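Right, one structure below, let's go through it.
The values are calculated or read from the model by the stated rules, or taken from the named source; none is laboratory data. Everything quoted here is computed from the prediction, not taken from an experiment. In this analysis, Cβ positions are derived from the backbone assuming ideal geometry, glycine residues included, and neighbour counts consider all displayed protein chains.
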Amino acid sequence: MKRQNSTSKINSAHRWSFYRAGGVDQVRLDRGADIVNLDQLDQKLWVALSCPTQGLEIDSRTLKFLDADGDGHVRPPEILAAVQWLKDILKNPETLVEGKDSVSLSNLRTDTQEGQALLASAQHILQSLGKEASVISMADTAQTADFFTTALHNGDGVVPPSTIDDTQLVSVAEDIVKCMGGVPDRSGKMGYDQATLEAFFTACSDYDAWLKVGESRAQEIFPFGDKTSDAYQAFLAVRAKIDDYFGRCRLAAFDQRALAAVNLDEKAYVEASTRDLTITADELQNFPLVLVEAGKPLSLKQGVNPAWAGRLKAFTSLCCADAGHLTEEDWLKLCGRFDAYTGWIQSKAGTCVEPLGKKRIREILSGKYRESLEKAIAEDLEVADEVSAMTRIEKLTYFHRDLHKLLNNYVSFSDFYARRGAIFQAGTLYLDGRACDMCFHVNDNAKHMKMAPMSNAFLAYVDCVRPGGRETDRGVCLHGRRE
């Protein structure tokens, strides 16, 4: 808030009128000419220099249109930008003080580019609604949401698969949305845009290149042929445990005194046996894979720890040709056979498209789908200017209805002092038998309290709660001025 106790010298070609209220000289905004010349009024004469976009008794959509930077507050540069925009559109700004929610098409300028664009857009909207009207209203512009839902193109550069005619192209577009997650279209449907399209085809190319490396080095990378993947998973499932077994064997070979320790002492078995043992014997997970002896090969079938028997059996079947034993030397050789496959797996790229499978990915890359999908984006963007103008028509109807009211609660407080109900007032608070009209919303009590002493007034901070205890509103009321 910023107040000026008297008018200052005004270097303005426009003639202003003032009135005295609340000990402040305030400008009168009775005419459209006052509004469109607002840039000539010294901002020291504005009563307020900021207002929130929430908590005011005025349509929040109007405030959202004004809040160009989206910071939740409307400030003078944004007000002046809106005024300048209206000057470029309206022939007769006097209609701004009428507060009507409709704009006459004859009042739209044809000597400015913006006026021409909005006139054409307004006519297009009315035609699409089957109307032969000379005015366009907020109700008309509200129906443009239906246009975004049903139109084949809506100018946002996002293409839902359902808007494509070619069935093969639809299938690829659906693959893109499935793999990449998709982008929401103005209609609410999921589709793809240019960035998503590029990321998808890059992933397909990367994944295909990775597959080709495996194909060119098949003998080295796939030591177990088509079963290499299953063999590798079975190998990983027991690798740490087999390493542990041979490590314990080496420790026993180093010092026989360690043999009891590496096999765990009798106390550990006694504790395990006191529980109800199941066939999987989860209590034995940390016990050795097989009883340890110095230099002893790993038995793959006899005397195996029950907790590991199933995993070791799968490993033996896939990787050891059902051998009965495995020496440490054999184990190290087997680990080496998986080195190339491990490196290849770790270099996998384009994993987001992997669910499509090799055949589908190569089919997509071999066709001309990318060019056709990019063309669909370009066709959608061709109507971007038209759709943007439709959105600006909606903004025009909101400003046409609400801007004058906002200015009478921002540049001046004429609505408040005329007791017409200021937009910042939050109703009447009855407190101790008194009716307090100067009530308004407060979003942050702590911040407000820092500035409150400067008001030279008594303030009461009030939390309004509905029956049941759920807090619904927080505000402050002014009781009266301190003497």
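Is the stretch 259-266 home to any residue that is within 30 Å of Ala294 (Cβ to Cβ), acidic (Asp, Glu) and not in a helix (DSSP H, G or I)? Yes, some residue in the stretch 259-266 is within 30 Å of Ala294 (Cβ to Cβ), acidic (Asp, Glu) and not in a helix (DSSP H, G or I).
Residue count for the stretch 285-320 under the criterion of being over 13 Å from Trp331 (Cβ atoms), assigned to a loop (DSSP other than H, G, I, E, B) and of a type in the set (A, V, I, L, M, F, W, C): the result is 6. Checking Leu312, Leu332 one by one, the residue that is crowded, with 18+ Cβ neighbours inside 10 Å and within 17 Å of Ile242 (Cα to Cα) is Leu312 and no other. The sole residue among Gly182, Gly191 that is on the phi > 0 side of the Ramachandran plot, buried (at least 20 other Cβ atoms within 10 Å of the Cβ) and in contact with a Gly (Cβ under 9 Å, 6 or more places away or on another chain) is Gly182.
State whether one or more residues within the stretch 76-99 are assigned by TED's automatic domain parsing to the domain that holds Gln116, in contact with an Asp or Glu (Cβ under 8 Å, 6 or more places away or on another chain) and without any contact (Cβ under 8 Å) to a residue 12 or more places away in the chain.
no
What helices (runs of 4 or more DSSP H) completely inside the stretch 322-369 contain at least 1 residues that are in contact with a Ser or Thr (Cβ under 7 Å, 6 or more places away or on another chain) and aliphatic (A, V, I, L, M)? Can you show your working first?
Details: elements: 328-337, 339-346, 358-366.
Helices (runs of 4 or more DSSP H) meeting the threshold: 358-366.
Against the definition (surrounded by fewer than 19 Cβ atoms within 10 Å (Cβ to Cβ), modelled with pLDDT of 80 or more and in the same structural domain as Cys51 (by TED's automatic domain parsing)), how does Tyr398 come out, yes or no? Answer is no for this residue.
Report yes if Asp39 is assigned to a helix (DSSP H, G or I), out of contact with any Lys or Arg (no Cβ under 9 Å at 6 or more places or on another chain) and modelled with pLDDT of 85 or more, otherwise no. First the steps, then the outcome.
Working: assigned to a helix (DSSP H, G or I): yes; out of contact with any Lys or Arg (no Cβ under 9 Å at 6 or more places or on another chain): yes; modelled with pLDDT of 85 or more: yes.
Yes, satisfied.
Return yes or no: is Ser187 in contact with a Phe, Trp or Tyr (Cβ under 9 Å, 6 or more places away or on another chain), assigned by TED's automatic domain parsing to the domain that holds Glu371 and of a type in the set (Ser, Thr, Tyr)? It is true that Ser187 is in contact with a Phe, Trp or Tyr (Cβ under 9 Å, 6 or more places away or on another chain), assigned by TED's automatic domain parsing to the domain that holds Glu371 and of a type in the set (Ser, Thr, Tyr).
Within the stretch 83-115, track down each residue that is of a type in the set (S, T, N, Q) and touching a Leu at 6+ places or on another chain (Cβ under 8 Å).
Keep residues of the stretch 83-115 that are of a type in the set (S, T, N, Q), which gives 84, 92, 95, 102, 104, 106-107, 110, 112-113.
Hits for the stretch 83-115 are Asn107, Thr110.
If you go through the stretch 443-456 and pick out every residue that is at pLDDT 80 or above and under 24 Å from Arg419 (Cα atoms), you end up with 0.
Among Ala426, Ala422, which is in contact with an Asp or Glu (Cβ under 7 Å, 6 or more places away or on another chain), in a loop (DSSP other than H, G, I, E, B) and of a type outside the set (Ser, Thr, Tyr)? First the steps, then the outcome.
Values: Ala426 fails: in contact with an Asp or Glu (Cβ under 7 Å, 6 or more places away or on another chain).
Sole residue among the options that is in contact with an Asp or Glu (Cβ under 7 Å, 6 or more places away or on another chain), in a loop (DSSP other than H, G, I, E, B) and of a type outside the set (Ser, Thr, Tyr): Ala422.
Of everything in the stretch 159-175 that's in a helix (DSSP H, G or I) and without any contact (Cβ under 8 Å) to a residue 60 or more places away in the chain, which residue is surrounded by the fewest Cβ atoms within 10 Å (Cβ to Cβ)? Only one residue fits best here, namely Thr167.
Pull up the stretch 203-228, narrow it to residues that are touching a residue at least 40 places away in the same chain (Cβ under 8 Å) and of a type in the set (Gly, Ala, Ser), then point me to the one that is surrounded by the fewest Cβ atoms within 10 Å (Cβ to Cβ).
As a first pass, look at the stretch 203-228 and keep what is touching a residue at least 40 places away in the same chain (Cβ under 8 Å): 203-211, 213-214, 217, 220-224, 227-228.
Okay, now just the ones that are also of a type in the set (Gly, Ala, Ser), so 203, 205, 209, 214.
Numbers: Ala203: 21, Ser205: 15, Ala209: 11, Gly214: 18.
That would be Ala209.
Within the stretch 352-378, residues that are within 30 Å of Gly155 (Cβ to Cβ) reach partners that are of a type in the set (Val, Ile, Thr) with beta carbons closer than 7 Å, at six or more positions or on different chains, in the pairs Val353/Ile361; Ile364/Val172; Tyr369/Val172; Leu373/Val172; Ala376/Val159; Ala376/Ile164; Ile377/Val159. A Cβ distance below 6 Å, combined with a sequence gap of six or more or placement on separate chains, defines the contacts here; from the stretch 335-350, residues that are farther than 13 Å from Asp208 by Cα reach residues that are exposed (fewer than 15 other Cβ atoms within 10 Å of the Cβ) in the pairs Ala340/Glu220.
Among the residues of the stretch 36-56, those identified as surrounded by 15 or more Cβ atoms within 10 Å (Cβ to Cβ) and among the charged types (D, E, K, R) are Asp39, Asp42.
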